Amino acid sequence: MELHLGLALPTNPFFQLKQGPFYTNVNTSNGSCSSGGGGGGGGAGGSNKRRGFDEETRVVPKTLRLLLWNSDQPDGEDDRNDLGNGNSSSSAILKYPSLPLSWNDGEGLVGWPPVKAWRKKPRRHAHNGRANNNRMAAAAAASNSTYVKVKMEGNAIARKIDLSVHGSFESLTSTLMRMFDISEEHWQRSFKLAYQDRQGDWLLAEDVPWRTFIRSLKCIKLIRR
Amino acid sequence: MQKKRAYSFPDEVLEHVFSFIQSDKDRNAVSVVCKSWYEIERWCRRKVFIGNCYAVSPKMVIKRFPEVRSIELKGKPHFADFNLVPDGWGGYVLPWIGEMAGAYPWLEEIRLKRMVVTDESLELIAKSFKNFKVLVLFSCEGFSTDGLAAIAAGCKNLSELDLRESEVDDLSGHWLTHFPETCTSLVSLNISCLGSDEVSFSALERLVGRCPNLRSLRLNRAVSLDKIANILCLAPQLVDFGTGNYTTELRPDVLSNLTAAFSSCKELKSLSGFWDVVPAYLPALYSVCSRLTSLNLSYATIHSPEIIKLVSHCSSLQCLLVLDYIEDSGLEALASSCKDLQELRVFPSDPFGVEPNVSLTEKGLVSVSLGCPKLQSVLYFCRRMTNAALVTIAQNCPNFTHFRLCIIEPKTADYMTLEPLDVGFGAIVEHCKDLRRLSLSGLLTDRVFEYIGTYAKKLEMLSVAFAGDSDLGLHHVLSGCESLRKLEIRDCPFGDKALLANAAKLETMRSLWMSSCTVSFGACKLLGQKMHRLNVEVIDETEPPCSRPKSCPVDKLYVYRSISGPRSDMPPFVWTMDEEGTILH
């Protein structure tokens, strides 16, 4: 129930049209949604601050968190499809699938907070001594973008792909298919997505959730079945 | 009765007078006085700035201004910095270089921002312009070090090569060796964006050593600290220096060499770089700190105590870029040490973390606003804010020209009163009468836009995200902000009504970006049909907008004025609406 309510974004204009029960529920469960819904003017939104707003529900809202619930679902498959390209069909309430939500599965919103790509990489603290190791670490972290190498088995040329624009396996595989000129069926039939993690081990991407994949991967390989 | 007659000056005299008029605005004013002034002015205009490369075609520019020596072009919309504009959208510079190669053989300067530059373009530049001097590629992409090699080898009089924040395909550090031994003209070299681990250091040293006029040098991360002392000793005349990696093994001689090298740079006013800082080496900078006017520590992972130590030596500081490791305590120290501070940018060290990792709040910004009376430009990422703090800041700093606040969690309310932040931002626009740029964040209703429309008469650029309740918000801005040039909006409930009611306004602006709003495809079509001097581009990577009902909201909308009609280089996911209502692709 809570999940539905969290998904009911106040910015959805259709909620301004007084969908009664949803509206009041939104107020009481999530502080931030309420004022967004009505705001200063009168009209459709109403001054929801006075709408039976309990004191104890005034907690700092974590709207974003509620919306990421899909990525933690055990049966991730369906949800990946839904959230793949930011369309909102994942929500039962948002009946208007074309109302775009620029959510990015498992990684929060696309382009938010507004920091440039090369600022996104977590900073490393320098450690003393062992200049060589430092240079290696520096080189590894030195690329100012979120690009990783992709190799296709049997193909000598490695390509590079920017991970920061992808939020799901869907998105990644469709870009890879375009990049290596592989059709959908050919892909299904003959290829698997593998990756090498920071420990140097090779793993199959399909075995892990997107978040884990993104955080631990060093490079990607398309292997033939 | 004697008639007074104004004798017209010979053209050469007027031209000479006009040569003292540099600003574009003034030049434009001169050109509309009368036909002859228009003619004279256009023949002697040497510098052209084009804020949107699709607003006009290269041929048109060349036709009007045949003797240009310096050109500046901007391509992609600002939100491209945050991955909101898909790859391949456009902004290609090659067509421009192609036309200018023939028309402007004496072109000296090219400055580009957010454009796609290819090696082919760079090679063409190197080949076509015999007196080429200045190349600035700000946030550009699409080229590699091979293109840079062509520039280095081909441009005999190169004085400035600035690649700031560009994405370069780093094939090899050896491109630096392509600068001929005869090249001694470099004044400015910024390679800080390069990632290559093998910057040919010896080539760099030789280059620096033979360019006595070098004033600005920004190295990339691959250059380690122990090499810096050498470089500085070769160029003690530097005014602006960007270090590479500020780390190396701890050895006693490195610190003393570095300290000596820095203190020999008597002209040094600006420092940046500082990747991976080892705090033990920061004292090497103390001798130059008191002269510094600009310091960029936004890559430095040092914490508040070290930052405070450094900053307290910088009594002349005017511009500081720093990570939020500085915390409120550091900002307080800044406020007491740096009374000349004009610009402050605080970036988030952990933008995606949900819990705050540092103690940086609204209090830090309030202290700076109190202690630094000359503060004009702020970019501040934080996790909480109050209306009261914003009101205080507005009252302390009525001279703000740029105010960009990013509260990391969307729709965050005033954490004390739980109200929207309308009143706070309202105070900013009301008190800061010269405000030119504003970015909003936090919980905001239509009210904040009413304030903006009412007070922000000099506002030129507004960035909005996750704000407002209805079309009224957008209407306030479009109808009230007289000086508005650029408006970028994401995830707001703004739709057709406000857009169509203010369609004429859009022709007075450079551009409008709206993504994840509720503007329907039908409205976009109508806008494109009615407004012939606007390019209405609908961007959708999932499916063509016409495959859905007209009432469906579009994913992304980019509207800009143009005198050259719809562009011809659109990728498959961009549609433009033309006069007949057909959709061009």
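Criterion first (within 22 Å of B:E141 (Cβ to Cβ) and either charged (D, E, K, R) or in contact (Cβ under 8 Å) with a residue 24 or more places away in the chain (or both)) does B:P95 satisfy it?
Values: within 22 Å of B:E141 (Cβ to Cβ): yes; either charged (D, E, K, R) or in contact (Cβ under 8 Å) with a residue 24 or more places away in the chain (or both): yes.
So B:P95 passes the test.
Scan B:L418, B:L443 and give me the residue that is part of a loop (DSSP other than H, G, I, E, B), surrounded by fewer than 21 Cβ atoms within 10 Å (Cβ to Cβ) and within 14 Å of another protein chain (Cβ to nearest Cβ).
B:L418
Collect the residues in the stretch B:363-398 that are under 19 Å from B:Y451 (Cβ atoms), open to solvent by 10 Å² or more (accessible area, probe 1.4 Å) and either within 26 Å of the chain's Cα centre (by Cα) or of a type in the set (F, W, Y) (or both), keeping them in residue-number order.
The answer is B:P398, and nothing else.
Out of (1) closer than 25 Å to B:I563 by Cβ; (2) of a type outside the set (S, T, N, Q); (3) in contact with a strand residue (DSSP E or B) (Cβ under 8 Å, 6 or more places away or on another chain), the odd one out for B:R490 is which?
Looking at each condition in turn, B:R490 falls short on (1).
Got a number for residues in the stretch B:446-493 being among the basic types (K, R), under 25 Å from the mean Cα position of the chain (by Cα) and surrounded by 21 or more Cβ atoms within 10 Å (Cβ to Cβ)? Steps first, answer last, please.
If we filter the stretch B:446-493 for residues that are among the basic types (K, R), which is where we start, we get B:447, B:457-458, B:485-486, B:490.
Those left that are additionally under 25 Å from the mean Cα position of the chain (by Cα): B:457-458, B:485-486, B:490.
Subset that is surrounded by 21 or more Cβ atoms within 10 Å (Cβ to Cβ): B:490.
Of the residues in the stretch B:446-493, 1 are among the basic types (K, R), under 25 Å from the mean Cα position of the chain (by Cα) and surrounded by 21 or more Cβ atoms within 10 Å (Cβ to Cβ).
Inspect all residues belonging to the stretch B:230-243 and state whether any of them is open to solvent by 40 Å² or more (accessible area, probe 1.4 Å) and within 12 Å of chain A (Cβ to nearest Cβ).
The answer is no; no qualifying residue exists.
Return the total of residues in the stretch B:137-161 being under 23 Å from A:A117 (Cα atoms) and open to solvent by 10 Å² or more (accessible area, probe 1.4 Å).
Total satisfying the criteria: 4.
Taking the conditions exactly as written (at pLDDT below 85, within 30 Å of B:N245 (Cα to Cα) and among the polar types (S, T, N, Q)), does A:T175 satisfy them or not?
When the stated conditions are applied, A:T175 does not pass them.
Out of (1) in contact (Cβ under 8 Å) with a residue 12 or more places away in the chain; (2) open to solvent by 10 Å² or more (accessible area, probe 1.4 Å); (3) more than 22 Å from the chain's Cα centre (by Cα), the odd one out for B:G353 is which?
It fails just one condition, (1).
Tell me which residues, restricted to the stretch B:446-461, are assigned to a helix (DSSP H, G or I) and among the basic types (K, R).
B:R447
B:L207 is checked against (1) away from chain A (no Cβ under 12 Å); (2) in contact with a Lys or Arg (Cβ under 6 Å, 6 or more places away or on another chain); (3) under 27 Å from B:L295 (Cα atoms) and fails just one. What number does that condition carry?
Here B:L207 meets the rest and fails (2).
How many residues are part of a loop (DSSP other than H, G, I, E, B), touching a residue at least 40 places away in the same chain (Cβ under 8 Å) and among the hydrophobic types (A, V, I, L, M, F, W, C) if we restrict to the stretch B:98-116?
Start the filter on the stretch B:98-116 by keeping residues that are part of a loop (DSSP other than H, G, I, E, B), which leaves B:104-108, B:114-115.
Narrowing the set further to residues that are touching a residue at least 40 places away in the same chain (Cβ under 8 Å) leaves B:104, B:114-115.
Filter once more, so that each one left must be among the hydrophobic types (A, V, I, L, M, F, W, C): B:115.
Of the residues in the stretch B:98-116, 1 are part of a loop (DSSP other than H, G, I, E, B), touching a residue at least 40 places away in the same chain (Cβ under 8 Å) and among the hydrophobic types (A, V, I, L, M, F, W, C).
Of all residues in the stretch B:8-37, which are open to solvent by 80 Å² or more (accessible area, probe 1.4 Å), more than 19 Å from B:S70 (Cα to Cα) and within 31 Å of the chain's Cα centre (by Cα)?
B:V32
Listed residues B:V464, B:V477; which is assigned to a helix (DSSP H, G or I), hydrophobic (A, V, I, L, M, F, W, C) and away from chain A (no Cβ under 11 Å)? Spell out the reasoning first.
Details: B:V464 fails: assigned to a helix (DSSP H, G or I).
None of the others qualify; the one that does is B:V477.
Restricting attention to the stretch B:567-585, report how many residues are assigned to a strand (DSSP E or B) and among the aromatic types (F, W, Y).
So in the stretch B:567-585, the residues assigned to a strand (DSSP E or B) come out as B:574-577, B:583-584.
Still in the list and also among the aromatic types (F, W, Y): B:575.
The total comes to 1.
Those residues that are assigned to a helix (DSSP H, G or I) and away from chain A (no Cβ under 14 Å), I need them from the stretch B:425-437; list them, please. Please lay out each step first, then the result.
Keep residues of the stretch B:425-437 that are assigned to a helix (DSSP H, G or I), which gives B:425-431.
Those that are assigned to a helix (DSSP H, G or I) and away from chain A (no Cβ under 14 Å): B:A427, B:I428, B:V429, B:E430, B:H431.
Could you look through the stretch B:80-108, keep only residues that are of a type in the set (A, V, I, L, M) and open to solvent by 20 Å² or more (accessible area, probe 1.4 Å), and pick out the one that is farthest from B:R69 (Cα to Cα)?
The selected residue is B:A80.
Of everything in the stretch B:162-189 that's in a helix (DSSP H, G or I) and either open to solvent by 30 Å² or more (accessible area, probe 1.4 Å) or among the charged types (D, E, K, R) (or both), which residue is nearest to the other protein chains (Cβ to nearest Cβ)? Outline the logic, then answer.
First pass over the stretch B:162-189, keeping only residues in a helix (DSSP H, G or I): B:173-178.
Keeping just the survivors that are either open to solvent by 30 Å² or more (accessible area, probe 1.4 Å) or among the charged types (D, E, K, R) (or both) gives B:174, B:177-178.
Numbers: B:H174: 17, B:T177: 20, B:H178: 22 Å.
Checked the stretch B:162-189; the qualifying residue nearest to the other protein chains (Cβ to nearest Cβ) is B:H174.
Could you check the stretch B:46-81 and list, in sequence order, the residues that are hydrophobic (A, V, I, L, M, F, W, C) and part of a helix (DSSP H, G or I)?
Answer for the stretch B:46-81, where residues must be hydrophobic (A, V, I, L, M, F, W, C) and part of a helix (DSSP H, G or I): B:M60, B:V61, B:I62, B:F79, B:A80.
With respect to B:L344, is the statement that it is modelled with pLDDT of 95 or more, away from every other protein chain (no Cβ under 12 Å), assigned to a helix (DSSP H, G or I) and in contact with a strand residue (DSSP E or B) (Cβ under 6 Å, 6 or more places away or on another chain) true?
no
For the structure I just gave you, tell me whether B:V429 is farther than 25 Å from B:D350 by Cα, under 27 Å from the mean Cα position of the chain (by Cα) and either open to solvent by less than 10 Å² (accessible area, probe 1.4 Å) or modelled with pLDDT under 95 (or both).
yes
Please verify whether the stretch B:292-300 includes one or more residues that are at pLDDT 95 or above, assigned to a helix (DSSP H, G or I) and either surrounded by fewer than 23 Cβ atoms within 10 Å (Cβ to Cβ) or at negative phi (or both).
No: the stretch B:292-300 contains no residue that is at pLDDT 95 or above, assigned to a helix (DSSP H, G or I) and either surrounded by fewer than 23 Cβ atoms within 10 Å (Cβ to Cβ) or at negative phi (or both).
The values are calculated or read from the model by the stated rules, or taken from the named source; none is laboratory data. Everything numeric here is computed off the predicted structure, so don't read it as measured data. Positions of Cβ are backbone-derived with ideal geometry, glycine not excepted, and every protein chain shown enters the neighbour counts. The protein model used for the area step is the full one, side chains on, heavy atoms only, and it has no ligands, DNA or RNA in it. Shrake-Rupley method; radii C 1.70, N 1.55, O 1.52, S 1.80 Å.
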